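Encoded as structure tokens, the structure appears first; notes follow it.
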Amino acid sequence: MSLSRSPDAAVARVDVLAAARLKRRLALAADSPWLHQEAASRMAERLSFIKRQPALVLDWSPDSPQSSAPLGKACPQAQVRYVREAEPEVAPAPWWRRLTGFEARERWMAPAAAAGMQAQLLWSNMGLHLEPDALALMRQWRAAMAADSFVMFTTLGPGSLASLRGLYAELGWGEPHAPFTDMHDLGDMLVEAGFADPVMDQETLTLHYATPQALLKELREMGMNLHPGRFPGLRTGAWLSQLMAALSRQADANGRISLQLELVYGHAFRAADRGPTLSADTRIPLGDMKLMLRKRS
């Protein structure tokens with residue numbers, strides 16, 4: 001599949017200023033959302049397929065660097081540098097963090113500074129769906145990576161929040177979130193950005209909530225509505241009551257409200273000496289994927 005994008009079309013997918021505010025909030029938060037931590041743990045399990053340990057890892061995720069514990073456990077010998085768009089806080093770290101010798105800000109860099117870093121692994125957890133132009137970001141990734149290094153990422157796919165979209169459509173409220181990109185299109189973008197052997201996979205997570213308030217609280221922690229055509233003003237208390245009543249009507253016989261999220265995984269190599277050997281739409285059984293990764297390790 002050939003993809004062609006104009007800058008205007010890329011920008012229209014996500015409100016750029018709102019996305020920047022969200023990424024700053026996530027980066028400077030004391031902790032990351034539960035879903036981001038769960039996605040990081042699941043992606044770290046896939047690192048066990050690769051025998052070669054990277055010496056330098058770039059963590060190109062939106063969250064606070066403190067949320068990368070699964071990556072550190074999976075690559076204990078690697079130097080991890082954090083790439084974030086938000087400026088780190090200027091206040092000194094708490095005494096107990098200085099005592100342990102960990103100071104994430106010393107390893108925090110802006111995306112523009114990452115070019116030429118020659119990283120053996122680029123790790124991006126739950127960030128691509130926040131980007132106005134995913135292809136441009138992938139090209140930045142490639143510029144920061146060494147030859148024959150690899151990228152691993154997670155993001156949300158279009159199967160996410162279908163029930164919420166249906167509810168908004170029923171009530172005439174427009175879109176509740178920016179559109180998510182299909183995993184096959186993401187695979188095509190990887191090839192266009194200069195990566196080889198892209199492998200895409202997904203799984204659907206079904207979350208259950210006891211109350212509408214609990215559901216909305218978790219959605220707020222994960223992000224905000226980045227759709228450029230979202231309601232421009234402040235919502236009222238009456239609107240919020242209507243939303244919670246509509247969510248309550250979706251509860252099952254046990255009073256639980258369900259929310260489905262499509263978690264997309266991507267993996268590709270940066271091979272300067274050859275092009276891709278698989279199409280972006282290839283679906284590979286897990287056993288075959290393990291064998292392929294071990295051969296490249």
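Each reported figure results from applying straightforward, stated rules to the coordinates on display, with no laboratory input. Only a predicted model underlies this, so the values are computations on that prediction, with no experimental measurement involved.
Please label the shape of segment 36-86 as rounded, prolate or oblate, based on the square roots a ≥ b ≥ c of the eigenvalues of the alpha-carbon gyration tensor (a/c under 1.5 means rounded; beyond that, a/b larger than b/c means prolate, else oblate). It is oblate, given that a/c is not under 1.5 and a/b is not larger than b/c.
Just so you know, the Rg over Rh for segment 14-63 is 1.08, from Cα atoms, with Rh as the Kirkwood radius.
Note on segment 177-271: semi-axes of the ellipsoid equivalent to its C-alpha gyration tensor, largest first and rounded to whole Å, are 35, 18, 9.
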